Amino acid sequence: MELTISQVTKMYGVTPRTLRYYEKRGLICPIRREDYAYRIYDENAVRRLRLIIVLRKLRISSKQISVILQDEEQLETLQILRDNISELDGEIKSLNTVRYVLKAFAAQLEENIGKKVRTDFLGNRALIEAANAITFPETTFDKTAFKENTKTEKSEEMCLRRAETKGMMISMQELNNAGQIKNVNVRIVQLPPFTAASYHYIGENPEEKAGEVMSEFVQKSRLYEIKPDSRMFGFNRPNPGVLENGLHGYEDWVTIPDDMEVPAPLTKKHFDGGQFAVMAIPFPEFERWGGFIKWAENNEFYEPDYSKEELTGEKGLFEEHYNWVWAAHNNWEVDDNSDSGVSGIDLYIPVKKKGK
């Protein structure tokens, strides 16, 4: 079985950029033929990709996946899994506390409403202690102060035990659902006008190539010393996807002083600013663009502020690496294997209030 990059992205729901990142990190090795522009993924590459996708959905980092794929004795793999389980146990404990208190609130409200009595949350000692238990995890509170539906909880526990004894029978759809963000954490920001140095590249690994040119400019110009609040934005151009010849385009902008000149092949551009919805993602989970766009299209108060034509130019979707200029100034690599603390990206969608 051999698949093109286009077939792989459609079949497994990953972006070409994510595939190129996995290739760069040595996680997958597609075949390259001199007479064919596209990468070809053979059966071994596809099998590794499927494993990577599953591990990422299980919240294993790319750095940890790299260790797992090279760990013949699997001792490091076992420790990685144990460490991740320990982190999840902490999250589950916190969520169970929140769930327990919410159920207690609901139970008490239901009981008091039936008696036509208004619940005084602030005057209830047990509720205050419960709230403190959430704020300070080591604090304990009197669970007997709340009436719980023990029959329901025992039933849930029995179901979990039956599932454990029968083994893992989990579909990919269930795994996808488990990995989704239920509450998309989006903020609305106003980007001010700015002047930027721009570089556009079409070809193999365009994000990397554009980043190399821009990084060299940052270092040679000592931009961080001149403008320490400088920021880097990037976007597909054209957007979206792979061009007919198998190549892809990407453009980088780095904000500069208005009067600063830029050397070729960079160009100088001005951005008028605007209102954006912004969502943070871990690098390189660009697949979250799809869910973010759906959020913008279905939001109660805002709607995307672009036309389909504008998506191919400079008024569409932005990506911003955290502290990219600072990292380039120090010649640090910006990805989730970096120890520089700059791994992470904000996604930007131009929006406007509905009705305006």
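Brief remarks follow.
- Of all residues in region 260-283, those that are over 24 Å from I345 (Cα atoms) and at pLDDT 95 or above have Cβ atoms under 8 Å from Cβ atoms of residues that are open to solvent by 20 Å² or more (accessible area, probe 1.4 Å) and small (G, A, S), 6 or more apart or on another chain, in M260/S221.
- Just so you know, in region 1-17 the residues that are surrounded by fewer than 14 Cβ atoms within 10 Å (Cβ to Cβ) and not in a helix (DSSP H, G or I) include one that is farthest from the chain's Cα centre (by Cα), and it is M1.
- Among the residues making up region 79-111, those that are of a type in the set (A, V, I, L, M, F, W, C) and either open to solvent by less than 40 Å² (accessible area, probe 1.4 Å) or closer than 27 Å to T18 by Cβ (or both) are I80, L81, I85, L88, V101, A104, A107.
- Qualifying residue in region 52-63 (condition: over 15 Å from V14 (Cβ atoms), open to solvent by 70 Å² or more (accessible area, probe 1.4 Å) and modelled with pLDDT of 90 or more): no
- Restricting attention to region 196-219, the residues that are over 26 Å from W289 (Cα atoms) and touching a residue at least 24 places away in the same chain (Cβ under 8 Å) total 3.
- Checking every residue in region 114-134 against the condition of being surrounded by 14 or more Cβ atoms within 10 Å (Cβ to Cβ), modelled with pLDDT of 80 or more and either not in a helix (DSSP H, G or I) or not polar (S, T, N, Q) (or both) gives zero matches.
- Residue match in region 27-45 (condition: part of a helix (DSSP H, G or I) and either without any contact (Cβ under 8 Å) to a residue 40 or more places away in the chain or of a type in the set (V, I, T) (or both)): yes
- Region 259-281, residues that are surrounded by 15 or more Cβ atoms within 10 Å (Cβ to Cβ) and among the hydrophobic types (A, V, I, L, M, F, W, C): V262, L266, F271, F276, A277, V278, M279, I281
- Here T97 fulfils each of the conditions (1) assigned to a helix (DSSP H, G or I); (2) within 22 Å of F283 (Cβ to Cβ); (3) in contact (Cβ under 8 Å) with a residue 12 or more places away in the chain apart from (2).
- Residue check for F235: crowded, with 18+ Cβ neighbours inside 10 Å, over 20 Å from I202 (Cα atoms), modelled with pLDDT under 95 and among the aromatic types (F, W, Y): no
The values are calculated or read from the model by the stated rules, or taken from the named source; none is laboratory data. Predicted model only: the values in this text are computed from it and were never measured. With ideal geometry, Cβ positions are generated from the backbone for all residues, glycine too; neighbour counts draw on all protein chains shown. These accessible areas exclude ligands, DNA and RNA; they are computed on the full protein's heavy atoms, side chains included. Shrake-Rupley method; radii C 1.70, N 1.55, O 1.52, S 1.80 Å.
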